[in-house]
Amino acid sequence: MLLDWALASLHHVLVFALVAVIAAELILIRPGLAGAAIARLGRLDAAYGALALLVIGAGAARLVWGLKGWDYYASNHSFWGKMIAFAAVGALSVPPSLAIARWRKRQKTHVNFSVPDAEILRARRFIHAEALLLVAILLFAAAMARGIGS
């Protein structure tokens, strides 16, 4: 019981940290992005990737060692909806991450580099879509917790 609580708690803390990083990225990625903010954004995006991997690890640990076990989740439609939404968030995170890597590279070779507004807006659209799908993940998680989808 204690292990299940610890795994669930870790999973939830990591998910909330992931949400915080997405919010921080939305704050930083705005027109006029330049200078030290680009490097800060790169570090934040690396943290986002690491947190996503940790969320997956904690979730997998819950599947293996949690009280409900794999059979409960495997037959739950809400679980699979949550997994599809999480995979979609991951896919949507790729274009902004690649853009951030390009911006960091350009910044190293161009003095006073400022990210073009069109690139900022494109990255923000992807991050907004990620945030929307995070809401879907939360809804699926709430459904799962109540046995909806079994």
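Here are the numbers for the structure shown:
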read-out: Computed accessible area, Trp80, all protein chains, 1.4 angstrom probe, square angstrom; value: 110
read-out: Fraction of accessible area attributable to carbon and sulfur, the chain (%, probe 1.4 Å); value: 73
read-out: Qualifying lysines (Cα of each under 26 Å from Cα of Lys82; at least 8 residues distant if same chain); value: Lys68
read-out: Per-pair calculated FRET efficiency, R0 = 35 Å: Arg106 and Val64 via Cβ, rounded to 0.05; value: 0.20
read-out: Cut-off 18 Å (backbone N to label point 7 Å along Cα→Cβ of Ala118), residues of the range 65-100; value: 96, 99-100
read-out: Among Leu132, Leu92, Leu41, residue whose mean-square fluctuation peaks in a GNM of the chain (springs only between Cα atoms under 10 Å); value: Leu132
read-out: Inter-part distance where the range 101-150 and the range 66-99 are each reduced to a Cα centre, Å; value: 16
read-out: Kirkwood hydrodynamic radius over Cα pairs of the chain, then Stokes diffusion coefficient at 37 °C and 0.692 mPa s, in µm²/s; value: 197
read-out: Helical segments meeting 20 Å axial Cα length and Kyte-Doolittle 1.6 threshold in the chain (DSSP H); value: 2-28
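The values are calculated or read from the model by the stated rules, or taken from the named source; none is laboratory data. Everything numeric in this text was worked out from a predicted model, so none of it was measured. Cβ coordinates were reconstructed from backbone atoms using ideal geometry, including for glycine residues, and neighbour counts include every protein chain displayed. To get the accessible areas, we keep the full protein, side chains included, count just its heavy atoms, and leave off ligands, DNA and RNA. Shrake-Rupley method; radii C 1.70, N 1.55, O 1.52, S 1.80 Å.
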